[in-house]
Ligand code: ATP
């Protein structure tokens with residue numbers, strides 16, 4: 001079953017045509033990667049899906065509903081979360097309070113407790129620092145908090161925008177392992193990443209964006225051995 005479908009989406013910034021007639025789909029339970037170099041239109045695509053930007057034309061269907069004209073906060077309430085969001089984390093709240101904010105639309109107290117234990121288990125640093133203000137975390141720890149907070153809203157679809165960006169290599173593995181574990185619990189994930197090698201290793205399928213257009217798509221395992229991908233994104 002298709003969790004998300006984009007049909008002929010075009011998004012502009014004024015005269016700049018950043019996303020050009022993109023069509024893509026994500027099935028329930030998948031991790032799908034979007035690859036592309038700087039300025040290819042990856043973030044614009046994510047923001048168009050989450051409603052922060054509105055497409056000039058095309059259609060977006062999320063979980064059976066047309067959402068391309070729906071305001072961002074209502075799309076969130078339908079079960080779509082983006083990390084990091086425009087607002088990032090709440091710097092003046094503790095880590096625990098940030099995670100509670102992630103779950104603020106939920107009422108299933110017992111499940112919330114279970115999910116909190118799950119994210120503390122994924123990221124033990126967050127448990128250790130749970131009463132500290134979020135602004136005292138390192139960049140990498142803030143990235144983990146942003147992912148954990150998005151998870152706490154228990155979205156049907158989680159959009160991750162470059163989760164390894166600015167992260168020390170030693171922590172990148174932790175983040176990718178966490179993404180895999182979150183997916184194994186049944187969450188569908190759309191991943192935008194510069195780290196093509198890791199992203200293709202953990203995802204099921206991928207799309208390649210070039211200058212706002214999809215130029216290549218397929219199973220991640222196949223793209224990993226595709227000579228064009230190797231040359232452009234895998235440094236060989
Ligand atoms: P990166 O990997 O560098 O983050 P990206 O693939 O996410 O790149 P986008 O941020 O989606 O790329 O940008 C796509 C194009 O739209 C680029 O040419 C960029 O310069 C342009 N663009 C992005 N944001 C704006 C904006 N607010 N106003 C005008 N142009 C923009």
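No lab work stands behind these numbers, since they all come straight from the coordinates. Quick caveat, the model's predicted, so the values are computed rather than measured. All Cβ positions, even for glycine, are placed from backbone atoms using ideal geometry, and neighbour counts span all protein chains on display.
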- line: Yeah, the range 1-125 with a ≥ b ≥ c from its alpha-carbon gyration tensor (a/c under 1.5 is rounded, else prolate when a/b outruns b/c, oblate otherwise) is prolate
- prompt: With r defined as the distance between the Cβ atoms of residue 201 and residue 156 and R0 fixed at 35 Å, what FRET efficiency is calculated, to the nearest 0.05?
  reply: 0.90
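How much length is gained if the chain between residue 92 and residue 56 is pulled fully straight, taking 0.36 nm per residue apart and subtracting their Cα-Cα distance, in nm to one decimal?
My answer for the length gained is 9.3 nm.
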message: As an exercise, use a Förster radius of 30 Å and the Cβ-Cβ distance of residue 105 and residue 165 to find the FRET efficiency, rounded to the nearest 0.05.
response: 0.65
- prompt: Against the longest principal axis of the chain, how steep is helix 109-122, in degrees 0 to 90 to the nearest 10, with axes from Cα atoms?
  reply: 70
message: With 10 angstrom as the radius, rank 1, 144 by how many other C-beta atoms surround their C-beta, starting from the fewest.
response: 1, 144
- prompt: Helix 139-152 versus the longest principal axis of the chain: what angle, 0 to 90°, nearest 10, using Cα atoms?
  reply: 90
query: Among 141, 111, 213, which one moves the most in a GNM of the chain with springs linking Cα atoms closer than 10 Å?
result: 111
- line: A correct Stokes-Einstein calculation for the range 55-112, using the alpha-carbon Kirkwood radius, 4 °C and 1.567 mPa s, returns a whole-number D in µm² s⁻¹ of 95
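Could you give the length gained on full extension between residue 8 and residue 177, defined as 0.36 nm per residue of separation minus the Cα-Cα distance, in nm?
57.5 nm
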- request: Would you mind calculating the relative contact order of the chain from Cα pairs under 8 angstrom and at least 6 residues apart, reporting the percent as a whole number?
  value: 27
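For the range 49-161, what's the relative contact order in percent, using C-alpha pairs closer than 8 Å and at least 6 residues apart?
Working: 137 pairs, mean separation 40.8, N = 113.
Once divided by the residue count of the range 49-161, the mean separation gives 36 percent.
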- prompt: Which of these, 207, 120, 151, has the largest mean-square fluctuation under a Gaussian network model of the chain (Cα springs below 10 Å)?
  reply: 120
statement: Expressed in angstrom and rounded, the centroid-to-centroid distance over alpha carbons for the range 33-96 and the range 141-159 is 13
message: Just to be sure I understand: with springs between alpha-carbon atoms less than 10 Å apart, which residue in 181, 128, 162 has the highest mean-square fluctuation in the Gaussian network model of the chain?
response: 128
query: With no solvent and one point per C-alpha, what does the Debye sum give as log10 I(q)/I(0) for the chain at q = 0.18 Å⁻¹?
result: -1.41
- prompt: Per the Kirkwood definition applied to all pairs of different Cα atoms, how many angstroms is the hydrodynamic radius of the range 1-67?
  reply: 12.2
task: Could you tell me how many degrees, from 0 to 90 and to the nearest 10, lie between the Cα long axis of helix 169-184 and the main elongation axis, the longest principal axis, of the Cα atoms of the chain?
output: 90
query: Over the Cα atoms of the range 124-225, what is the Rg over Rh ratio if Rh follows Kirkwood?
result: 1.00
field: Estimated distance in nm for a label pair at residue 37 and residue 77, the labels positioned 7 Å out from Cα along Cα-to-Cβ
entry: 4.3
